[in-house]
1. Which members of segment 35-74 meet the condition of being farther than 19 Å from Arg92 by Cα, aliphatic (A, V, I, L, M) and either at pLDDT below 90 or in contact with an Asp or Glu (Cβ under 7 Å, 6 or more places away or on another chain) (or both)?
2. Tell me, which residue of segment 167-202 that is of a type in the set (Ser, Thr, Tyr) and under 23 Å from the mean Cα position of the chain (by Cα) is modelled with the highest pLDDT?
3. Report, by residue number, each residue of segment 66-118 that is closer than 14 Å to Phe46 by Cα and among the acidic types (Asp, Glu).
4. Between residues in segment 151-166 that are under 8 Å from Leu119 (Cβ atoms) and residues that are at pLDDT 95 or above and assigned to a helix (DSSP H, G or I), which pairs lie under 7 Å by C-beta distance while being six or more apart or on different chains?
5. For segment 105-123, does any single residue satisfy the condition of being polar (S, T, N, Q) and over 23 Å from the mean Cα position of the chain (by Cα)?
6. Does segment 115-163 hold any residues that are over 26 Å from Met76 (Cα atoms) and among the basic types (Lys, Arg), and which are they?
7. Regarding Ser84, is this residue at pLDDT below 90, hydroxyl-bearing (Ser, Thr, Tyr) and within 18 Å of Val103 (Cα to Cα)?
8. Filter segment 54-104 for residues that are hydrophobic (A, V, I, L, M, F, W, C), outside any strand (DSSP E or B) and surrounded by fewer than 20 Cβ atoms within 10 Å (Cβ to Cβ) and give the result.
Amino acid sequence: MPEDLILTPQQIIRRKAAGEPIDPNEPEVIRQHMITVLVENTIGSFIRVVNMFSARGFNIKSIAVGETEERSVSRMNIVTSGNSRVISQVLRQLSRLVDTIAVDDLRGTDFVEREILLLKVRYTPESRAQIMDTNTIFRGKVVDITHEAFTFELTGPAKKIDAFINMMRPYDILEVARSGQVAMKRDHSFSLFASPPSETQL
């Protein structure tokens with residue numbers, strides 16, 4: 001190994017913590033993060049956040065925006081991915097935006113997440129019962145029906161949404177619309193659940 005690539009023990013520890021490779025041939029550890037951003041509900045605040053990601057080459061998997069309990073404040077739920085160094089840069093740049101009130105990375109915390117899915121799938125007399133059985137298992141709702149297609153509504157964690165879409169892939173999926181994930185930290189001072197519920201309970 002060339003001398004300039006020899007790492008000290010401290011550098012090795014820092015790289016491991018950041019998900020960066022120790023060996024040049026070793027891949028980086030990329031993790032998905034849910035980041036919540038509270039911003040002032042002003043013209044251009046949403047565009048400034050999106051432009052920051054675009055200008056610096058940060059990836060956005062999904063983004064959902066809406067007003068909070070205060071109408072002057074909006075909450076942005078951003079799903080992105082990267083190693084710890086990249087995520088640290090994302091958090092730092094978001095905090096510097098003029099409209100930003102607070103930034104929080106929910107990865108590694110206990111939080112509740114939800115996403116809404118609308119899925120339109122074509123059915124036949126032979127597949128109709130199977131499609132409806134799958135929807136019943138996932139506790140979806142039929143929100144529209146024609147002579148050729150069902151439109152289902154499903155709410156739950158992203159993994160549940162992904163699983164439902166995969167179960168419908170053998171049939172003729174016509175259209176998919178996803179809201180993007182929204183999330184909120186659990187309040188441990190008071191909870192109706194003694195322990196976090198499983199996905200089958202959600």
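The values are calculated or read from the model by the stated rules, or taken from the named source; none is laboratory data. Please read these numbers as outputs of a predicted model, since none were measured by experiment. Don't worry about glycine lacking a Cβ; one is built from the backbone with ideal geometry, like all the others, and counts go over all protein chains shown.
1. Those that are farther than 19 Å from Arg92 by Cα, aliphatic (A, V, I, L, M) and either at pLDDT below 90 or in contact with an Asp or Glu (Cβ under 7 Å, 6 or more places away or on another chain) (or both): Ile43, Val73.
2. Out of the qualifying residues, it is Ser179.
3. Correct list: Glu67, Asp99.
4. Listed pairs, sorted by first residue: Phe152/Asn135; Leu154/Ile161; Leu154/Phe164.
5. no
6. Those that are over 26 Å from Met76 (Cα atoms) and among the basic types (Lys, Arg): Lys120, Arg122, Arg128, Arg139, Lys141.
7. yes
8. Scanning segment 54-104 gives Ala55, Phe58, Ile60, Leu91, Leu97, Val98.
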